[in-house]
Amino acid sequence: MSQQKLNGKVAIVTGGGSGIGRGAALRLAEHGAKVCVLDRERERANMVKEEIARLGGEAMAVEADVSESESVRMAISKAADRWERIDIVFANAGINGTWTTIEDLSEEDWDRTMNINLKGTFLTLKYAIPFLKKQGGSVIITSSVNGNRIFSNIGASAYSTSKAGQVAFMQMAALELAEYRIRVNAICPGAIKTNIGQNTNRTPEAEEAAIPVEYPEGSSPLEHHAGSPEQVADLVLFLASQQSSLITGTKVFIDGAESLLIG
Ligand code: NAD
């Protein structure tokens, strides 16, 4: 814990128990922030809390479901009660949900994806804003290239719609909260090595309908490999810190130009 760019700041990281959220929680803590690791999987959140403690940082783990109003409200107030402020919110928890044709997608699957990815983002901001307003702060929302540049994943209609909706919501929030010195931005990662794929229910119909994506050899500046949560964490740190003080209402792609080539 050598660098203290975020000393004295308090951060909430939703979906902080795995993947992109875990990477960001560690990076924010490394730079001095106290981190509330919020995840619906208690064990995962605890493990990240312990990892931060081993690195000499300060964290708390809270089990909460971002799609449940009371659960999010209580989680956020726990962090505010303990540290008496909230400066940074990384609204990141999300699922791929079921990838299938629109015809076959159940109403229940549509609702689950919207409730976690889109309503969860709304609820996280709703309950964090009263604390952020006190001194200003930074909100970062994890959207995706899906729904913003990539439309070739046939079967991902609910996921892509939720990710596009997050960007519209981010822009409204940035306008609404500017007067309180609260910046709001979205990040749009391409493929990042995390656990999200394991939980994706891709039906045979979706597999069949998917447009095969052939990536022309040597065409990517990064030779097209999936990114790492650590690379995304660098961007989250930048958007959370004062180094990005003029950046708000923006979506930032982090995908090695993958989506320019195959979008
Ligand atoms: P992940 O599965 O590794 O981590 C997601 C975490 O969120 C898990 O710990 C999970 O328990 C938690 N979570 C899920 N639903 C929750 C809920 N209702 N309440 C609280 N916590 C919940 O996945 P990841 O890839 O790190 O995904 C993080 C975000 O990044 C998601 O919003 C995802 O859509 C987005 N994203 C991921 C990729 C990728 O390639 N991995 C690309 C673009 C965008």
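We did not get these values from a lab; they are worked out from the coordinates using the rules stated. Everything quoted here is computed from the prediction, not taken from an experiment. FYI the Cβ positions are ideal-geometry reconstructions off the backbone, even for glycines, and counts take in every protein chain you see.
Observations, loosely collected:
- Ranked list, fewest to most other Cβ atoms within 10 Å of each Cβ, for D65, D87, D234: D234, D65, D87
- Spin-label model, M172/S77: points 7 Å from Cα along the beta carbon direction are separated by 2.5 nm.
- Fewest-first ranking of L175, L239, using other Cβ atoms within 10 Å as the exposure measure: L175, L239
- Distances between placed amide hydrogens fall under 5 Å for G227 paired with A191, I192, K193, all partners being 5 or more residues away or on another chain.
- Residue order, fewest to most surrounding Cβ atoms within 10 angstrom, among S245, S162, S77, S144: S245, S77, S162, S144
- Label zone at H225 (point 7 Å along Cα-to-Cβ), backbone N below 16 Å, the stretch 177-200: 191-194
- Amide hydrogen neighbours beyond the local backbone of G249, cut-off 5 Å, H modeled: V184, N185
- Pairs beyond 21 Å (Cα-Cα), from K49/K126; K9/K133; K9/K119; K9/K251; K49/K133: K49/K126; K9/K119; K9/K251; K49/K133
- Calculated from backbone phi, Karplus (6.51, -1.76, 1.60) coupling profile of the stretch 79-87 in Hz, x at Gly/Pro: 5, 5, 5, 6, 10, 6, 5, 9, 10
- Both the radius of gyration and Dmax for the chain are 17.8, 53 Å, in that order, over alpha-carbon atoms.
- A Cβ-based charge dipole, computed about the Cα centre of the chain with Lys and Arg at +1 and Asp and Glu at -1, lands at about 1380 debye.
- Net +/- balance of residues flanking Q198 in space, Cβ distance below 14 Å, scoring K and R +1, D and E -1: +2
- If you take the Cα centroid of the stretch 97-130 and the Cα centroid of the stretch 20-90, the two points sit 21 Å apart.
- For the stretch 10-262, the relative contact order works out to 22 percent when only alpha carbon pairs closer than 8 Å and six or more residues apart are counted.
- Vicinal HN-Hα couplings computed from phi for the stretch 36-52 (Karplus, 6.51 cos²θ - 1.76 cosθ + 1.60; Hz; Gly/Pro x): 8, 8, 9, 7, 6, 9, 4, 4, 5, 4, 5, 4, 5, 4, 5, 4, 5
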